[in-house]
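Peer 1: Once you've had a glance at the structure underneath, I'll fire off some questions.
The values are calculated or read from the model by the stated rules, or taken from the named source; none is laboratory data. Everything numeric here is computed off the predicted structure, so don't read it as measured data. Don't worry about glycine lacking a Cβ; one is built from the backbone with ideal geometry, like all the others, and counts go over all protein chains shown. What goes into the accessible areas is simple: the full protein's heavy atoms, side chains included, and nothing from ligands, DNA or RNA. Shrake-Rupley method; radii C 1.70, N 1.55, O 1.52, S 1.80 Å.
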Amino acid sequence: MVGIGWVLVATVPLLLGAKPTAKITEAFLAVEIVVLSFFILVGLADLGNHNVKPISTSIFLDPSFFNGKFLRLAATMVIVATILDGWEIDSYASEEAKKPRQWPGLSGIIGLVSVFMIYLITMPIMAVETPEAALSSSVDPLATWASFVIPGYVWTIDIAVIASTASSLWLTAYILSRVWFSAGREGLLPHWFSSTRVNGSPWIAILAITALEILVQLIQLSSSSLQSFFGLVLTSAGAFLLLEFGMDSLTVIYMTIKGKFSYLIGVVAGATATFMFSAVILGIAEAGTAFNIPPLYYVLALMFMLSLGGIFILRSRKLRLIEPDLEE
C-alpha cells in the first residue's frame, strides 16, 4: 500500500516536466551520497578493529568461480546489469537535453563510473566487516553492515536506501514515458501517447504508466504466486539489458563497416557484443536456480517476453533500418 501511495506521489514531478524531476532527484541524490560517504569513512576507519574475515584478493575475484562455478558468475553478471543500469539510460531517454548529441553520452559515462566506484569501495568493506551469512540473507545489506559497525545509526543508512529507491521509481517511469512518447510519435503506439502538456511532459503516457504500476501493485497484494511471477520478471530484466547493450554493439559494428567509426572502435564493439550475448546465454542456465526458480520456468518466461516484443516489432509496417547522422 505504501508503494501505491509513492507511485501517486512520483507522478507529480513527472507531470511537472523533466527539469523539476531532475531537480528533485538531485536533492535525493545529495542525501544518498552524503550518508554513504559518512558510512564509507566510518567503515574505513573501523578496518582492523571489527574484521570478521581478513582482507584478500578473493574479495574482488574468487578463483573458485572459474573452477566449476563459472555459470554462477555469469548469472551474477546478469543481475549486476540490472543494478548498474538506469543511471545512464535516464540521460539517453531525455529528448529535452540541450545538447542531445553530447550530454546524454557524457552524463551516462559519469553515472556508470560513479556507481561502479561506490560499489568498488563499499562491497569489500561490507564483506570484511560483516558475516557473509548475514549479508546473503538480508534484504537490506547496507543496514546489516551498519548494525555490526555502528548499530546506533542504522536508521541513517535507511534514509539513503529509501531516497535511492524512491527516486529510482520515478526515474524508471520517466524513461518509460519518454519511450512511449517516442513510440506514439513514430506510430508504433497510438498517436495520443505523444500528446504533451504546455511544459512538454507526455502526460497521457505518464498517467497510463502510473495506472499500470498501481495495477501491478494491487495484483501482487492479491496473490503471493503472482507476486513471485513479477519477481521472476524483474530478475529477467538483466538479461534484456545485456541483450540491449549487445545489440547496441552490433549497431556500432555496422556503422564501422559503413566507415562511420574507426576499426579500433569496431573491434571493441565486437568484443563487447560477444561478452554480452555470452553472459546472457550462460547466465540463463544458472539464474533460475540462483533465485530458487526452476530453469525451465525461467527460460519460458524469457521466451514469452521476447515473443511479445517480436510481435510488437513485426506488426509495424514502419520497421526499417535507421542510420543515425553523426555529423554536427
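Peer 1: Based on the Cβ-Cβ distance from Leu226 to Leu8, what FRET efficiency comes out when R0 is 25 Å, to the nearest 0.05?
Peer 2: Approximately 0.70, to the nearest 0.05.
Peer 1: Can you order the peptides 48-61, 118-131 by their average number of other Cβ atoms within 10 Å per residue, highest first?
Peer 2: Highest-to-lowest ranking by the protection proxy: 118-131, 48-61.
Peer 1: In percent, what relative contact order does the chain have, based on Cα pairs under 8 Å that are 6 or more apart in sequence?
Peer 2: 24 percent
Peer 1: Oh, and also: With charges only on Cβ, +1 for K and R and -1 for D and E, what is the dipole size of the chain about its Cα centre, in debye, rounded to 20?
Peer 2: 860 debye
Peer 1: Let me ask something else about it. Assuming R0 = 22 Å, what is the FRET efficiency of Gln102 and Val34, from their Cβ-Cβ distance, to the nearest 0.05?
Peer 2: 0.15
Peer 1: Another question, if that's okay. Which percent of the Cα-Cα distances in the stretch 133-229 go past 19 Å?
Peer 2: In whole percent, the long-distance tail amounts to 62.
Peer 1: At 7 Å along the Cα-to-beta-carbon direction for both Met303 and Val161, put a label point, then send me their distance in nm to one decimal.
Peer 2: 3.8 nm
Peer 1: Starting from 0.36 nm per residue, how many nanometres of slack lie between Asp248 and Ile265 once their C-alpha separation is accounted for?
Peer 2: 4.9 nm
Peer 1: Hey, another quick one. In whole percent, and with a 1.4 Å probe on the protein chains, what portion of the accessible area of the chain is carbon and sulfur?
Peer 2: Whole-percent figure for carbon plus sulfur exposure: 72.
Peer 1: Give me a comma-separated list of calculated 3J(HN,Hα) values for the stretch 15-23, in order, Karplus coefficients 6.51, -1.76, 1.60 applied at θ = phi - 60°, integers in Hz, x for any Gly or Pro.
Peer 2: 6, 6, x, 5, 5, x, 4, 5, 5
Peer 1: Right, something else. What accessible area per residue comes out for the stretch 113-190, rounded to a whole number of Å², with a 1.4 Å probe?
Peer 2: 48 Å²
Peer 1: Once Lys and Arg get +1 and Asp and Glu get -1 on their Cβ, which of Met247, Leu73, Trp103 lies farthest toward the positive end of the dipole of the chain?
Peer 2: Result: Met247.
Peer 1: Tell me, what ³J(HN,Hα) does each residue in the stretch 238-246 have, in order and in whole Hz, if you take phi through Karplus 6.51 cos²θ - 1.76 cosθ + 1.60 with θ = phi - 60° and put x for Gly and Pro?
Peer 2: x, 5, 5, 5, 5, 5, 4, 5, x
Peer 1: Limiting things to C-alpha atoms, what are the Rg and the maximum Cα-Cα separation (Dmax) for the stretch 212-270, in angstroms?
Peer 2: Answer for the stretch 212-270, Rg first and Dmax second: 19.2, 55 Å.
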